[in-house]
Structure formats: C-alpha cells, structure tokens
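Student: Take a look at the following structure, please.
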Amino acid sequence: MSNDDSDNCYPVLSINTADNIHVNGSIRLRGKRKGRKKTTSEIVSKNDFHHDSKEWRQINRVIDFENDHYTEIIKTKKGKFSTIVVSH
C-alpha cells in the first residue's frame with residue numbers, strides 16, 4: 001500500500017443552510033412624581049410595521065403631560081425620517 005493521498009479518495013458532501021430571524025421589541029417608560037397618581041411623562045421606542053408602505057419603521061415618542069408637549073420621530077429602514085412635534 002502506498003502513502004499517496006490519491007488512494008484515499010472519499011466523496012465530500014457539504015450542506016449549507018441559512019435562516020433569518022427578525023425580532024421586534026418595544027420599550028415603554030412612564031414617569032410619575034411623588035404624591036401624584038397620574039403619569040407625568042412617557043417614553044416609547046418600538047419597531048412598527050406600516051401596512052400602507054409595507055415597511056418596518058422605528059418609532060421614538062416622548063410625551064410630557066405636565067407641559068402638554070408631544071414629540072414623535074419615525075425612521076424607516078431606508079434612512080428617511082419624519083418628526084412630529086405638538087406643543088400647546
């Protein structure tokens with residue numbers, strides 16, 4: 001028997017698989033002042049699917065109930081964003 005590697009030929013089988021997992025989550029924080037029952041502020045950060053455009057968006061929202069102020073920033077995967085600010 002020779003020590004040549006060509007004598008030991010074995011078939012090679014290679015299988016590659018790939019899966020994509022997309023996880024969507026959200027964070028919601030509420031602020032309160034000592035001695036008060038009502039929420040004074042709220043912060044929301046979440047991924048949201050917009051059905052009309054069929055795309056995922058990142059939404060960041062801040063609500064200040066004490067000063068009657070609302071800010072929302074919406075960012076798409078393509079980098080476009082819009083800002084909504086309401087203050088009374």
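Student: Select from the stretch 32-52 the residues that are in contact (Cβ under 8 Å) with a residue 12 or more places away in the chain and small (Gly, Ala, Ser) and write down the one among them that is farthest from Val86 (Cα to Cα).
Tutor: Among those residues, the one meeting the criterion is Ser45.
Student: For the stretch 54-79: of the residues being within 15 Å of the chain's Cα centre (by Cα), charged (D, E, K, R) and more than 30 Å from Lys32 (Cβ to Cβ), which is modelled with the highest pLDDT?
Tutor: Of everything passing the filter in the stretch 54-79, Glu55 is modelled with the highest pLDDT.
Student: Which count do you get for residues in the stretch 54-77 that are of a type in the set (Lys, Arg) and either in a strand (DSSP E or B) or surrounded by 12 or more Cβ atoms within 10 Å (Cβ to Cβ) (or both)?
Tutor: Filtering the stretch 54-77 for residues of a type in the set (Lys, Arg) gives 54, 57, 61, 75, 77.
Among the residues that remain, those that are also either in a strand (DSSP E or B) or surrounded by 12 or more Cβ atoms within 10 Å (Cβ to Cβ) (or both) are: 57, 61, 75.
Of the residues in that region, 3 qualify.
Every residue, every condition in (1) surrounded by 10 or more Cβ atoms within 10 Å (Cβ to Cβ); (2) within 15 Å of the chain's Cα centre (by Cα); (3) in a loop (DSSP other than H, G, I, E, B), yes or no:
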position: Ile15; (1), (2), (3): no, no, yes
position: Val23; (1), (2), (3): no, yes, yes
position: Arg28; (1), (2), (3): yes, yes, no
position: Gly35; (1), (2), (3): no, no, yes
position: Lys46; (1), (2), (3): yes, yes, no
position: Asp52; (1), (2), (3): no, no, yes
position: Ser82; (1), (2), (3): yes, no, no
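The values are calculated or read from the model by the stated rules, or taken from the named source; none is laboratory data. Since we're looking at a predicted model, the values are computed, not measured. Cβ coordinates were reconstructed from backbone atoms using ideal geometry, including for glycine residues, and neighbour counts include every protein chain displayed.
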